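Report on the structure given below.
The values are calculated or read from the model by the stated rules, or taken from the named source; none is laboratory data. Everything numeric here is computed off the predicted structure, so don't read it as measured data. Every residue, glycine among them, receives a Cβ derived from its backbone with ideal geometry; neighbour counts consider all protein chains shown.
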Amino acid sequence: MGAVSSDSGEKADSAKGQLSPITIFVFALATGTYAGNLYLAQPIIELIGQDLGMSTATLGVIVMLTQVGYALGMFFAGPLADIAENKRLILTSVSCVVVGMLGIAFATTPLMFLLAAFFVGISAIGTQIIVPLAANLADDEKRGAQIGTIMAGLLTGIMLARPTSSFLASLWGWRAPFLVFAFLMTGIGILLAVYTPRYTPKTRCSYFNLIKSMLVLPVKSDALRRRCVYQGIAFGVFNMFWTTSSLVLTDQFNLNYQEIALFAIAGAGGALAAPYAGKFADRGLTRIATGAVLIILLVSLGLTLPLVHFKYLIVFALTAVIIDAAVQANQVLGQATIYAELPEARARANSMYMTSLFIGAGAGSLIAPAAYDFGGWVMVVTIAASLVALTTLYWATEYLTAKR
């Protein structure tokens, strides 16, 4: 391991235990706002296209470029948190996101908009620096619960971004959400500058060797491999559900645009499960909690079939909350596992883990509309439940090996 080494310096060790309640709050607020930036365009792409003269085919590129930029930033820049001072990386990311959001807000041509959207995506990797940083700053016995609280902020940001964007755009036009979030990110940057402790990792290596070492992590770590599969599938199913739920709510429940936005806001309640999942991880109950979460997800998906058929809207909304809670709990359990397994490579492990989520999300978003068009909600649920069932069987094989 001459290419990637860790010295015995005290900079990283001295930071442990510096994750104060106010820092946790700021981190949760920051990750939620970061994540929200990536989803602002989704519900208003038609308004954007009409104003900038984009074709219908081009509208899909708006969301795609932001997500592709985020994936590239996550893969190529996220691992830098294992070798560079973390606070500087985070503040640089915030500054770039603000510039990108202003670029979107003042774009006058499709090309300007798309370039700015890509720049926002590739710059928004601050979230994937904050979460591993929090793991490094946390005390070992509290790490799971504290990471869970921060991840609750991230999920809340994702779930609230779409309805917030729709609301702001309905009042002041499509540029308003991007201007508001540019302002919010500026405030977040100030808070992060004040409350983020400095953290310099002990790992010393070149950038090339850093990326190379990241690519071999799944080969060496059974825990990372498994967690990538577990959450890649779970997050793919999550995206299948939310990609087609608006179609179901329109076709089966006759809801209008504003009512669908309220349904999405209700789904944000699932974020409350994240801190509790972290507490299970802190108690060494990760394996059994993972199985329970997968089974809950499977049962909840199945329950949506009669709920949609008989049009039980309120119970359907509650089921959506449970599905969200299960997926987010699984994510926290996964992060707690890989952070404990790979303490010297947390940023790299997190990059691989989140890349698997991105692949799952992309596949789920691609499959869901086609499945709904072919066989309606029944087909969507059948595919999603089958994937979760197979994942649950894979989880059960953990008991056939001594490895965690």
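The one condition from (1) over 15 Å from residue 377 (Cβ atoms); (2) crowded, with 17+ Cβ neighbours inside 10 Å; (3) modelled with pLDDT under 95 that residue 294 does not meet is (3). Does any residue of the stretch 76-97 turn out to be among the β-branched types (Val, Ile, Thr), part of a helix (DSSP H, G or I) and touching a Lys or Arg at 6+ places or on another chain (Cβ under 9 Å)? Within the stretch 76-97 (the criterion being among the β-branched types (Val, Ile, Thr), part of a helix (DSSP H, G or I) and touching a Lys or Arg at 6+ places or on another chain (Cβ under 9 Å)), the answer is no, since none of the residues qualifies. All of (1) surrounded by 20 or more Cβ atoms within 10 Å (Cβ to Cβ); (2) farther than 16 Å from residue 249 by Cβ hold for residue 324 with one exception: (2). Would you say residue 304 is more than 23 Å from residue 375 (Cβ to Cβ) and crowded, with 21+ Cβ neighbours inside 10 Å? Considered against the rule, which asks whether it is more than 23 Å from residue 375 (Cβ to Cβ) and crowded, with 21+ Cβ neighbours inside 10 Å, residue 304 comes out as no. Taken across the stretch 365-383, residues that are touching a residue at least 60 places away in the same chain (Cβ under 8 Å), among the polar types (S, T, N, Q) and under 30 Å from residue 283 (Cα atoms) do not occur at all.
Does the stretch 129-142 include one or more residues that are surrounded by 19 or more Cβ atoms within 10 Å (Cβ to Cβ), under 29 Å from residue 327 (Cβ atoms) and among the basic types (Lys, Arg)?
Taking the stretch 129-142 first, the residues surrounded by 19 or more Cβ atoms within 10 Å (Cβ to Cβ) are 129-138.
Subset that is under 29 Å from residue 327 (Cβ atoms): 129-138.
From what's left, among the basic types (Lys, Arg): none.
There is no residue in the stretch 129-142 that is surrounded by 19 or more Cβ atoms within 10 Å (Cβ to Cβ), under 29 Å from residue 327 (Cβ atoms) and among the basic types (Lys, Arg).
Which residue, of 20, 8, 14, is of a type in the set (Gly, Ala, Ser), modelled with pLDDT of 85 or more and surrounded by fewer than 17 Cβ atoms within 10 Å (Cβ to Cβ)? Steps first, please.
Working: 8 fails: modelled with pLDDT of 85 or more; 14 fails: modelled with pLDDT of 85 or more.
Answer to the check: 20.
Every listed requirement among (1) more than 27 Å from residue 264 (Cβ to Cβ); (2) assigned to a helix (DSSP H, G or I); (3) among the hydrophobic types (A, V, I, L, M, F, W, C) is met by residue 160 save one, (1). Surrounded by fewer than 21 Cβ atoms within 10 Å (Cβ to Cβ) and more than 30 Å from residue 62 (Cβ to Cβ), is that true of residue 206? Criteria met by residue 206.
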